[in-house]
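Here is the structure we will look at.
The values are calculated or read from the model by the stated rules, or taken from the named source; none is laboratory data. On a predicted model such as this, the values are computed, not experimentally measured, just so you know. When we count neighbours, we look across all protein chains shown, and the Cβ atoms used for this are built from the backbone with ideal geometry, even at glycine. SASA here: full protein model, heavy atoms, side chains in, ligands and nucleic acids out. Shrake-Rupley method; radii C 1.70, N 1.55, O 1.52, S 1.80 Å.
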Amino acid sequence: MKWENNIIHSLSWGKSIIRKEEKEMIANQIALMVNDGDIIGVGSGSTSYMALLAISRRIREEKIQVRAIPTSIEIEIACSQLDIPIASIMEHKPDWTFDGADEVDLKKNLIKGRGGAMFKEKLLISSSKRTYIIADSSKMVSRLGSKFPVPVEVFPYALAYVDQALRELSPAGIQLRMAEGKDGPVITESGNLILDVWFDQIDDTLESTLKSITGVIESGLFIGYDVKILQPGTWV
Ligand code: 5RP
């Protein structure tokens, strides 16, 4: 039985979507890649949401069977709203995954996690044979960390310890990410805290250095992952 007057059906993307036209163009390219029967890992953020909208149009018009493995509650809600069935990562390895990013450098290294979903996003990207990162032109940078800090997801009990260990890496700044629309800090999709850490330089070892700190669940740094970058009209 379905819920009546379900609140989910009246929701829309909370904020206005920046660079909507560019994102729409890439979203349509993503939708064209979907094959009947696919189980797709779906990243979080406005670009992933727009890709999901474009996919739902194909599902409706062509009656194809597609299932999504969401990386956040926001995307799970969108799947419910768009009538896209959900699959569990416990049961299914995604055929492929798409996701957005906050920064992409020339070597296809990424910073992600503005939306606080980086742990599940990294899990999905690591589990997928193919991943497409959909990035409008504002995401391309010559130096990783020039526009965004590196989000470090921290088990709450370990906050003070992780803060101290991060300071030993001589970052340019560290901030506990605070919530908007709720008192206190942001709680991630996995129930943890985020320390946003600014680095003047990010080298290839930083991701594993961060991960080696006890209490760090994951970081939003993606160094050397096998991903394809999809920009409006081009592949990188
Ligand atoms: C969420 C993410 C998003 O993919 C990233 O923040 C990009 O978001 P948007 O598509 O809204 O620009 O990493 O954790």
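Legend: calculated FRET efficiency, LEU11 to SER190, from the Cβ-Cβ distance at R0 = 22 Å, rounded to 0.05, equals 0.50.
Give the longest segment of the chain that steers clear of GluC sites (Glu not before Pro) in DSSP loops with at most 16 neighbouring Cβ atoms within 10 Å, not counting the sites themselves.
Numbers: sites that count: GLU4, GLU91, GLU168, GLU180.
That would be 5-90.
Between the amide H of TRP96 and those of ILE39, GLY41, distances stay under 5 Å, these residues lying 5 or more places away or on another chain, with hydrogens modeled in the peptide plane. Taking the 1.4 Å solvent-accessible surface of the stretch 81-236 as the whole, the part contributed by carbon and sulfur is 53%.
Under 5 Å between amide hydrogens, built in the peptide plane, is the criterion, and for ILE86 it picks out ALA68 among residues at least 5 positions away or on other chains. For the stretch 46-157, averaging the sequence separation of C-alpha pairs within contact (under 8 Å, six or more residues apart) and dividing by the residue count gives a relative contact order of 27 percent. When you filter the trypsin sites (Lys or Arg not before Pro) in the stretch 1-70 for DSSP loop state and at most 13 other Cβ atoms inside 10 Å of their Cβ, you are left with LYS2, LYS15, LYS63.
Listed here are the pairs LYS20/LYS139; LYS139/LYS182; LYS63/LYS120; LYS122/LYS211; which of them are more than 24 Å apart at the Cα? Mind dumping the intermediate values first?
On the way: LYS20/LYS139 14 Å; LYS139/LYS182 28 Å; LYS63/LYS120 29 Å; LYS122/LYS211 12 Å.
From LYS20/LYS139; LYS139/LYS182; LYS63/LYS120; LYS122/LYS211, over 24 Å: LYS139/LYS182; LYS63/LYS120.
About the centre of its Cα atoms, the stretch 1-145 shows a dipole size close to 360 debye [charges on the beta carbon of Lys, Arg (+1) and Asp, Glu (-1) only; nearest 20 debye]. Taking amide H positions as modeled 1.01 Å from N, with prolines and chain starts lacking one, the residues under 5 Å from GLU218 and 5 or more places away or on another chain are GLU153.
Summarising the label geometry, the points placed 7 Å from Cα in the beta-carbon direction at ASP163 and MET33 lie 4.0 nm from one another. Across bins of 5 angstrom width beginning at 0, how are the C-alpha pair distances of the chain distributed, in whole percent? For the chain, the pair-distance distribution reads 1, 7, 14, 18, 19, 16, 12, 7, 4, 1, 0, 0.
Here the stretch 83-203 carries DSSP beta bridges of which approximately 75% are antiparallel, counting only pairs with both residues inside.
I want the antiparallel fraction of DSSP beta bridges within the chain, as a percent rounded to 5.
Working: 19 of 34 bridges.
Around 55 percent antiparallel, to the nearest 5.
Placing +1 on the Cβ of each Lys and Arg and -1 on the Cβ of each Asp and Glu in the chain, which of ILE69, LEU230, SER48 has its Cα farthest towards the positive end of the resulting dipole? Sorting the options by dipole projection puts first LEU230. Straight-distance candidates among the aspartates and glutamates for linking to LYS93, with alpha-carbon spacing under 15 Å and chain neighbours fewer than 8 residues away dropped: ASP38, GLU121. Place +1 on the Cβ of every Lys and Arg and -1 on the Cβ of every Asp and Glu in the chain, take the dipole about the Cα centre, and give the residue among VAL154, ALA31, GLY215 whose Cα lies farthest towards its positive end. The residue sitting farthest along the positive end of the dipole is ALA31. Residue separation of LYS63 and SER146 scaled by 0.36 nm, minus their Cα-Cα distance, works out to 25.5 nm of gained length. Normalised by the number of residues in the chain, the mean separation of alpha-carbon contacts (under 8 Å, six or more apart) gives a relative contact order of 20 percent. Using a cutoff of 8 angstrom between alpha carbon atoms and counting only pairs six or more residues apart, the relative contact order for the stretch 1-105 works out to 31 percent. Each residue of the stretch 220-225 was assigned a 3J(HN,Hα) from its phi angle through the Karplus curve 6.51 cos²θ - 1.76 cosθ + 1.60 (θ = phi - 60°); the sequence is x, 8, 10, 10, x, 7 Hz, with glycine and proline shown as x.
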